[in-house]
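Engineer: For reference, the structure I am asking about is given below.
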Amino acid sequence: MVTTKREAAGLLSALPQDTGRDGLARIWSVLPEARLVGGCVRDLLCGRALHDFDLAAPEAPDVVLRILKQAGIRVVPTGLEHGTVTAVVSRVPYEITTLRRDAQTDGRHAVVEWTSDWAEDAARRDFTINAMSLDQHDCLHDYFGGQEDLTAGRVRFVGDAGQRIEEDALRALRFFRFEARYGAGVPDHAALTAITERASLVASLSVERVASELLRIMAGPEVVRIIRLMHEAGVWAQCGPAEGAGFDVLTGVTCLEGLLRSGAPAQALLRLRALCGEWSEVLARHLKLSNAEKEHLKLLGESSPDLLPTMDDDAVRRARFVQDMTVLLERSWLLQAQCLGSVSAEWDGLRKRLADMPQPVFPLSGRDAREAGIEPGPSMGVWLRTGQAWWLEQGCRPDRDACLVYLRTKA
């Protein structure tokens with residue numbers, strides 16, 4: 001391990017005043033040894049805007065809590081058992097975690113101990129690009145060559161790659177997510193070899209942890225390249241149930257490529273449906289996705305209502321009435337990918353028409369049925385469904401009076 005310190009890194013000055021610099025100054029006034037760590041340092045080096053502020057401190061969590069309270073800073077013990085508290089300054093949260101070292105790991109969970117050694121804390125992190133820290137003097141502390149790796153587009157494990165994965169198998173999936181965002185296209189050989197040799201460890205993870213990483217991968221950049229890498233490393237097969245062995249990932253990737261060429265938005269469930277087809281619903285159940293996510297995947301596979309660029313306005317209104325707008329738009333992308341697999345002004349025009357069309361509302365209710373002499377119960381449901389079916393046939397155009405006239409003729 002070679003410690004690199006870069007004085008006056010110029011990173012703090014890149015922070016606009018209204019994005020947390022004042023809050024950092026206040027925290028540093030009472031915790032002068034604290035440093036920005038992990039992703040926020042990495043993103044500062046990349047010139048990306050910060051959305052989260054993560055800090056580490058050598059003081060024990062109860063000491064951090066006490067110091068912040070004494071300074072009049074609002075502090076929440078968000079993860080005290082893990083050494084984490086959250087300071088809130090001007091409504092901006094700053095997560096502060098005591099330096100840690102792993103006392104014991106089992107591939108899924110780690111037992112940690114507090115330490116005051118910055119190098120020990122950095123050594124327990126997953127990748128070199130996430131193991132850097134930045135102090136209040138704008139000095140960058142880089143223990144494992146993270147800045148060089150970031151510049152080279154290289155995602156490399158801290159220390160021995162195999163050991164890092166055995167400590168927590170989720171790091172195998174995290175590798176692919178970070179490779180998508182920061183890799184230059186040629187994965188680190190040592191990392192990929194270690195992952196391939198230990199791919200089976202992914203199956204030991206909780207499905208909730210796997211689902212979280214997988215959905216982030218699906219919504220991220222370079223998704224086709226990453227899915228291919230996961231497949232080649234044997235990791236993709238470990239993410240789903242055993243009966244998924246027959247699913248042809250490479251055929252699915254071809255469908256996903258068509259979706260990307262069409263210009264579809266980077267929606268995880270949309271991409272998952274394109275990649276896996278009906279198998280996405282089985283995968284969703286295995287990964288214990290939310291009921292809403294499982295239903296969304298199912299609806300993306302529906303064949304009705306029909307969606308075509310040549311639809312007339314009546315058909316567009318009917319589609320808007322019978323299916324959620326988000327599902328309609330995403331189904332249109334899937335259909336475009338299947339039909340063309342490329343950009344299309346016609347399909348873009350259909351989506352604009354769908355978006356611009358006011359939401360149709362069936363004009364009759366139970367109150368109208370009662371006023372028409374229909375008693376509550378099954379007959380009322382039949383009456384309303386009859387009216388709604390006719391209203392839909394007419395392109396959702398008839399108003400309340402027209403619907404009542406029609407139903408009187410049917411009585």
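The values are calculated or read from the model by the stated rules, or taken from the named source; none is laboratory data. This structure is a prediction, so every number in the text was calculated from the model and none was measured. Here Cβ is always computed from backbone atoms with ideal geometry, including for glycine, and neighbour counts include all displayed protein chains.
Engineer: Looking at the stretch 298-339, which of the residues that are part of a helix (DSSP H, G or I) and of a type in the set (G, A, S) is surrounded by the fewest Cβ atoms within 10 Å (Cβ to Cβ)?
Structural biologist: A315
Engineer: Within the stretch 19-39, track down each residue that is of a type outside the set (A, V, I, L, M) and surrounded by fewer than 21 Cβ atoms within 10 Å (Cβ to Cβ).
Structural biologist: Answer for the stretch 19-39, where residues must be of a type outside the set (A, V, I, L, M) and surrounded by fewer than 21 Cβ atoms within 10 Å (Cβ to Cβ): T19, R21, D22, G23, R26, W28, S29, P32, E33, G39.
Engineer: Let me ask something else about it. Show the residue pairs meeting these rules: Cβ distance below 8 Å; 6+ apart or different chains; first residue within the stretch 234-257 and part of a helix (DSSP H, G or I); second residue exposed (fewer than 14 other Cβ atoms within 10 Å of the Cβ).
Structural biologist: Final answer for the pair search is A237/A245; Q238/S200; C255/Q338.
Engineer: Separate question: With the requirement that a residue be of a type in the set (A, V, I, L, M) and at pLDDT 70 or above, what does the stretch 99-110 give you?
Structural biologist: The one that is of a type in the set (A, V, I, L, M) and at pLDDT 70 or above: L99.
Engineer: Mind listing just one residue for me: the one in the stretch 220-239 that is small (G, A, S) and buried (at least 18 other Cβ atoms within 10 Å of the Cβ) and, of those, farthest from T193 (Cα to Cα)?
Structural biologist: G220
Engineer: For the subset of the stretch 340-364 comprising residues that are surrounded by 15 or more Cβ atoms within 10 Å (Cβ to Cβ) and aliphatic (A, V, I, L, M), which member is farthest from L256 (Cα to Cα)?
Structural biologist: L364
Engineer: While we're on this one: Is there a residue being assigned to a loop (DSSP other than H, G, I, E, B), modelled with pLDDT under 95 and within 26 Å of the chain's Cα centre (by Cα) anywhere in the stretch 64-79?
Structural biologist: No, the stretch 64-79 contains no residue that is assigned to a loop (DSSP other than H, G, I, E, B), modelled with pLDDT under 95 and within 26 Å of the chain's Cα centre (by Cα).
Engineer: Could you tell me whether any residue of the stretch 72-83 is touching a Cys at 6+ places or on another chain (Cβ under 8 Å), over 22 Å from R156 (Cα atoms), touching a residue at least 12 places away in the same chain (Cβ under 8 Å) and exposed (fewer than 14 other Cβ atoms within 10 Å of the Cβ)?
Structural biologist: no
Engineer: Ok, one more. Cβ contacts < 6 Å: first residue in contact (Cβ under 8 Å) with a residue 24 or more places away in the chain, restricted to the stretch 362-391; second residue of a type in the set (D, E), any location; separation 6+ or different chain. Result?
Structural biologist: Between residues of the stretch 362-391 that are in contact (Cβ under 8 Å) with a residue 24 or more places away in the chain and residues that are of a type in the set (D, E), the close pairs are P363/D399.
Engineer: Out of L289, L270, which single residue is assigned to a loop (DSSP other than H, G, I, E, B) and either at pLDDT 95 or above or surrounded by 20 or more Cβ atoms within 10 Å (Cβ to Cβ) (or both)?
Structural biologist: L289
Engineer: Now for a separate question. Which residues, counting only those in the stretch 365-401, are of a type in the set (A, V, I, L, M, F, W, C), surrounded by 11 or more Cβ atoms within 10 Å (Cβ to Cβ) and not in a loop (DSSP other than H, G, I, E, B)?
Structural biologist: A369, M380, V382, W383, L384, W390, W391, L392
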